[in-house]
Each structure stands twice: as C-alpha cells, then as structure tokens.
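The structure under discussion appears below in the form of structure tokens.
The values are calculated or read from the model by the stated rules, or taken from the named source; none is laboratory data. Computed from a predicted model, the values in this text were never measured in an experiment. FYI the Cβ positions are ideal-geometry reconstructions off the backbone, even for glycines, and counts take in every protein chain you see. In case anyone asks, the SASA skips ligands and DNA or RNA and just uses the protein heavy atoms, side chains included. Shrake-Rupley method; radii C 1.70, N 1.55, O 1.52, S 1.80 Å.
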Amino acid sequence: MDSLTALGTAVGALLKQRGETIAIAESSGGGLISATLVAVPGASAFYLGGAVVYTLTSRTALLGITADEMQHMRSASEPYAKLLARRVSERHGASWGLSETGASGPSGNRYGDAPGHTCIAVHGPVEAAITLETGRAEREANMWAFARAALKLLETCLRRA
C-alpha cells in the first residue's frame, strides 16, 4: 500500500518537473489531501491552495457554486466531484484541480450512501472521476483511504498527460 508521503512526493515531483500547479477541494477527507501535498518540500512551487468544502455554506462561499448549478445534482456523486475539481482549478488559476466528496462514517450521508463512499475527480489536461466504496464505517480509516485514492488518481492522470 502506498503511503500518503510517497504519493505526495511523487505527485509533487511530477508537478514541479512540468511547471504545473494544483488546487484541492475536499470534504470527507477533511484536509488530508492538502496536508499531504503541503508536507512535500518545495510545495509552494506547485500547490496553490485548497478548501475543505464540507457544507452548503462553504460550497457557496469558497467555490461560488450556486443552487442553479446544483439542480439535478447531489453531493457525493461523480458529477458533483467533477464540478468541484473544475471550480477549484478555475478559482485558483491552477493547471489541475482535484476533488473528493463522500461519507467518511461512522454512518452514511443523507443521500443514502454508506459510510466509506466517496467520489473523486481530477480536472486538467486529463480528466477522470471514480467512486470508491471501502465497505468500512471507521471514519479515520476512510479519510486516509479517500486521500490515498485521490492522490493515486491524480498521479495516474499526471502520468497520462
């Protein structure tokens, strides 16, 4: 299993080598994705910023996502993750946007998703979205799994670009 440190270092090296930047929007990961990237020495060369978008208030205030944009869309879905990734990238002027949205546990969310459910998206020269179901209700373990999956998806997209 890849450690967050190893994934963050690999992603940071790819971004620095290419002269590209990243911005992060995460919810149930609680900031672990951003913390992992900021922990990389020289992160200021590639990390532009991030937000924990945990509520309707933060979604509106931090990313300017309107009720009209959310019509026919729900949180913790791949379409919403794609919107988050695109918007955080645009707001920061970043080459890449990475987002995560889900239910870390110990219970599911109001949309009927079980704990351990998350959707992750990458916006940039290569785009992708995935849904992860850990099958676990342990909040902290899910948060770490979500961050790991998000960084792996980003690394895959960077290597394809």
request  = Considering only LEU151, LEU14, LEU37, give the residue with the highest GNM mean-square fluctuation for the chain, with springs between Cα atoms whenever their separation is below 10 Å.
outcome  = LEU14
task = Could you pull out the trypsin sites (Lys or Arg not before Pro) across region 1-99 that fall in loop regions by DSSP (anything but H, G, I, E, B) with no more than 15 other Cβ atoms inside 10 Å?
result = ARG74
key: Amide proton proximity set for THR21, modelled H, under 5 Å, gap of 5+   = SER95, TRP96
key: Fraction of accessible area attributable to carbon and sulfur, the chain (%, probe 1.4 Å)   = 54 percent
request  = List the residues whose amide H sits under 5 Å from the amide H of ARG136, counting only those 5 or more places along or on another chain, with H placed 1.01 Å from N in the peptide plane.
outcome  = none
note = Per the helix-only model, the chain has a calculated mean residue ellipticity at 222 nm (DSSP H runs of ≥4, -39500 (n - 2.57) each, divided over all residues, rounded to the nearest 500) of -13500 deg cm²/dmol
task = Could you go through region 113-124 in sequence order and give the Karplus-derived ³J(HN,Hα) for each residue, using 6.51 cos²θ - 1.76 cosθ + 1.60 with θ = phi - 60°, rounded to whole Hz, and x for Gly and Pro?
result = 6, 6, x, x, 9, 8, 10, 10, 9, 10, 10, x
query = When N counts the residues of region 1-62, how does its alpha-carbon radius of gyration compare numerically with 2.2 N^0.38 Å, as a ratio?
reply = 1.18
inquiry  = Given a 10 angstrom Cα cut-off, can you work out which residue in ALA85, ALA43, ALA147 is the most mobile in a GNM of the chain?
reply    = ALA43
request  = Once you have the Cα-Cα distance between GLN71 and SER107, take 0.36 nm times their residue separation minus that, and quote the gain in nm to one decimal.
outcome  = 10.4 nm
task = Give the span of the chain's Cα atoms along each principal axis, as three whole-Å numbers ordered largest to smallest.
result = 42, 36, 24
query = With charges only on Cβ, +1 for K and R and -1 for D and E, what is the dipole size of the chain about its Cα centre, in debye, rounded to 20?
reply = 180 debye
remark   = Taking alpha-carbon centroids only, region 85-140 lies from region 55-73 a number of Å equal to 15 Å
